[in-house]
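Everything below concerns the one structure shown next.
The values are calculated or read from the model by the stated rules, or taken from the named source; none is laboratory data. On a predicted model such as this, the values are computed, not experimentally measured, just so you know. Quick reminder, even Gly has a Cβ in these numbers, built from the backbone with ideal geometry, and neighbours come from all protein chains shown. The accessibility values were calculated without ligands, DNA or RNA, using every heavy atom of the protein model including side chains. Shrake-Rupley method; radii C 1.70, N 1.55, O 1.52, S 1.80 Å.
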Amino acid sequence: MTPEEFRAAAHELVDWIADYRAAIPGRPVRSEVAPGWVRARLEGDPPEAAERLADLIEDLDDVVVPGITQTQSPGYYAWFPANASLESVLGDIAASGLGALGITWQSAPAVTEMEELVTDWLRELCGLSDSWVGSIHDTASTACLVSMLVARERATDLSEDRGGLQAEPAPLIVYASTQAHSSVPKAVLLAGFGRDNLRLIPVDPVTLAMDTDQLREEMAADAAAGRRPAAVIASMGTTGTTAFDPLERIVEIAAEHGAWVHVDAAMAGSALLLPECRPLFAGIEGADSFGWNPHKWMGTILDCSLLYVRDVELLVRVFSTNPSYLRSSSDGEVTQFKDWGIPLGRRFRAIKLWFHLRLAGAEAIRHRLRRDLAHAQWLAAQIEATVGWEVCAPVTLQTVCVRHVPDGVDDPEALDRHQQEWAERVNATGRAFITPALVEGRWIVRLSIGAEATQRPDVEALWALCQESALPDA
Ligand code: PLP
């Protein structure tokens, strides 16, 4: 494809994207296709001859769009906000168009230096001290794994240079709450600690945040038995209910054992952009690593996950490689992000943040986040005021966890079934998509507000739909 052919095709595709985005509110929110439906419609021999863009666009309309849950819809309240702001989409297009190779500083100085710039911008916008240094990963799962690898190496004084964990004299223990995201145990296992050495600490029954008395006891018991407490992962904004572990206390307890503290704020980290939300993160300056995803609530298109650490020297010692063909005369003066994580080749992710922040401006992003917080408070107040409904977890940010308790039903299993059934009735309408979840043994329904397009009338419509769906025969 020549640049001129690309120009024509790209105009056509961008027009299609704009039309698609404009039409999202009229589409069913949850993808309703059956397993295999998409593949069956796209099936065929590998293309030998060039096809027309128009044919691909037809498939986008007929097959791909129905095969996507519309996370950009105003009726999307499932999992977590997965915003893909159009400002950042432009940045993504620029990243692809540039085709930069991010393997070393020399291969594309702009890839490195823009990443340094935007991670500093976000550090400042989040009110974090300049002792943090950031980099951009694909996901919070990777960021957590990177943190666990560094935590392991700190606890073992760089065992990777000797016999690794296999030669360590005593097991290393990692702690997280029972409400930690599944990526947390995954990172702990992949970093080689072993499931037997992961302690899932119970949570407070009301706040659903880590019970730090239990943490203190378990860490002390492990230390007394000759095991080594190596790391604690604090969840700031759990996936289930957006609970915040008491970070200040966790940092104090971890310090008694010299344990690393990683903060997983994948969804809720966006709240740091709002000064009034920062008390939720009290203690953050005592942590060792901190990850959050602009690709969730803040709305920089996936994949864009920030990882901040303090001890860059240690990070680099754990991850650096220096083969002859990657050396250059600038080494020593520049940042080599290949030495800050797992991959060598890195995408130009910073440019998505750069476009998003410059074209939208931080004030507009803060305004939207505050709007979502107000929507959640409004919805929680309606629920609290309605007989038969309960808000079943503190509404710390934009997630409202709810249960409907019909008159006369008190069997716990029947109540659990009812939550799943009314949520499914909501989803089957196509007007909204919400997700039930099992939290500490009980089924609840999560209403996760925060899609960029969701306005107050949409939240009002959601509440009406929930009520109709919970009492379909009323
Ligand atoms: N941590 C928390 C609290 C989450 O809610 C999620 C995703 O929902 C993750 C981690 C994983 O995020 P990612 O998809 O970026 O790996």
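Of all residues in the stretch 424-437, those that are free of Cβ contacts under 8 Å to residues at least 40 places away in the same chain and in contact with a strand residue (DSSP E or B) (Cβ under 9 Å, 6 or more places away or on another chain) total 2.
Specify which of the listed residues (Asp222, Asp196, Asp245, Asp211) is more than 19 Å from Thr142 (Cα to Cα), touching a Ser or Thr at 6+ places or on another chain (Cβ under 9 Å) and away from the ligand (no atom under 16 Å from the Cβ). Answer to the check: Asp211. Note on the stretch 152-162: residues that are outside any helix (DSSP H, G or I) and open to solvent by less than 20 Å² (accessible area, probe 1.4 Å) amount to 2. Note on the stretch 67-76: among residues that are over 19 Å from Ile365 (Cα atoms) and in contact with a helix residue (DSSP H, G or I) (Cβ under 8 Å, 6 or more places away or on another chain), the one that is most open to solvent (accessible area, probe 1.4 Å) is Gly67. Scanning the stretch 100-151 for residues that are within 16 Å of the ligand (Cβ to nearest atom), outside any helix (DSSP H, G or I) and β-branched (Val, Ile, Thr) yields Ile136, Thr139.
For the stretch 285-329, the set of residues classified as over 24 Å from Leu357 (Cα atoms), at pLDDT 90 or above and either in a helix (DSSP H, G or I) or in contact with a strand residue (DSSP E or B) (Cβ under 7 Å, 6 or more places away or on another chain) (or both) consists of Glu285, Gly286, Ala287, Asp288, Val312, Glu313, Leu314, Leu315, Val316, Arg317, Val318, Phe319, listed by residue number. Going by what's in this entry, would Ala84 be described as surrounded by 11 or more Cβ atoms within 10 Å (Cβ to Cβ) and farther than 30 Å from Val459 by Cβ? When the stated conditions are applied, Ala84 does not pass them. Taking (1) touching a Cys at 6+ places or on another chain (Cβ under 6 Å); (2) under 19 Å from Asp211 (Cβ atoms); (3) outside any loop (DSSP other than H, G, I, E, B) in turn, Leu272 satisfies each apart from (2).
Scanning the stretch 163-187 for residues that are open to solvent by less than 50 Å² (accessible area, probe 1.4 Å), touching a residue at least 40 places away in the same chain (Cβ under 8 Å) and within 13 Å of the ligand (Cβ to nearest atom) yields Ala176, Ser177, Gln179, Ala180, Ser183, Val184, Ala187. Tell me the residue from Arg30, Arg21 that is outside the structural domain of Arg446 (by TED's automatic domain parsing), assigned to a helix (DSSP H, G or I) and under 30 Å from Arg425 (Cα atoms), please. The match here is Arg21.
Scanning the stretch 285-325 for residues that are within 16 Å of the ligand (Cβ to nearest atom) and over 18 Å from the mean Cα position of the chain (by Cα) yields a single hit, Ala287. Residue-level check: of (1) open to solvent by less than 60 Å² (accessible area, probe 1.4 Å); (2) within 16 Å of the ligand (Cβ to nearest atom); (3) at negative phi, Thr335 misses just (2).
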